[in-house]
Every structure is written in structure tokens, then in C-alpha cells.
Amino acid sequence: MVEERFRRIAVSIDGSSNAAIALDYAIDLARRYNSDLVVLSVAPLSPVYVTAAEPYVPSTVPESELAHYREIVDAAVRRAESAGVTRVTGLCDEGVVVDEILAHLEQNPTDLLVVGSRGLSAARRLLLGSVSSAMVNHAPCPVLVVRPAATKPSSAPPQ
């Protein structure tokens, strides 16, 4: 059986604790497989509801919000580098989160996408949507969804 290698791994982060766990998994995999690691974050365009019937969606994210997401990416890149990942890049974009991640994956072939799961209830998932669910259903590559109860992977081999 041929061992499958992950030459390029992408991880999507948003500054949440679940994204931090996903980042830990992505770093561990990148080290194990000597992979390129891409840390991706998207500053979301959030609709503003002026009236219940007509939401307004701004065309850009405020600079302060974009700077916040850039810092999240920069910190994640530093974390990966300090953990021994030699080829890591960070990308910060703005827009509709699912659309921007999918566009990145289509333009930059990736062997694995790692995402965190917020663990939304069925009702909240219906109202808010789920980035991890959208990635599982639409990403052009395998997707590893790291659940909230997960802990950092152990470097020790199984016994």
C-alpha cells in the first residue's frame, strides 16, 4: 500500500479556541509529512440589517477588523515556525468566508484542509450556516474537521 503524503496543507482559522486546536493538528501534520502549510483567515463581510426585509452588506471590511484578522494569521505563522514547520505562509482575505476559502482551494491545489468545528446546534447551524459543513461538502480536497472536544495530538506512536 502506498503511503499518502500531504505536500500542501491549508488550515482555516478565525481566532477561536476551536481554530487553535485545528492549527495544532495542521502544525503536527505539516511537521510529520514535511508539508507546506498555508494559514488562511477571512475577515467576514457581515450584513447590517437596516430593516428586516432588506439587509445591507458592506463591500469592504473595516480596516480595524482586517488588522485583527491579519494579527491572528501572523501569530499562527509564528506559532507554526516555532514548532518547526519550515515552509509556512499566512494569507488574510476579506469577504464571504466559505466563498473565499473555496476560491483559495480552487486556485491553489491543496492536499488537505484542516478546519475547526464550532459545534453548533441544528437550529444555529440552520440560521448561521457552518463553514466546516460547507467545506466538507464543497472543498476540492479532503477536509479534516477538528471537533471542540479534541485535544492536541500526541507525538508518541500508538501502543
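Since every read-out is calculated from the coordinates, none of them should be taken as a lab result. None of these values were measured; they are calculated from a predicted model. Don't worry about glycine lacking a Cβ; one is built from the backbone with ideal geometry, like all the others, and counts go over all protein chains shown.
For the peptides 79-86, 62-69, the ranking by mean Cβ contacts within 10 Å, running from highest to lowest, is 79-86, 62-69. When you count the other C-beta atoms within 10 angstrom of each residue and take the mean per peptide, 88-97, 108-117 line up highest first as 108-117, 88-97.
For residue 60 and residue 86 in the same chain, what is the full-extension length gain: residue separation times 0.36 nm, less their Cα-Cα distance, in nm?
Numbers: separation 26, 0.36 × 26 = 9.36 nm, distance 3.31 nm.
Gain on stretching residue 60 to residue 86: 6.1 nm.
Using the average count of surrounding beta-carbon atoms within 10 Å as a protection proxy, the listed peptides 135-144, 33-42 rank, highest first, as 33-42, 135-144.
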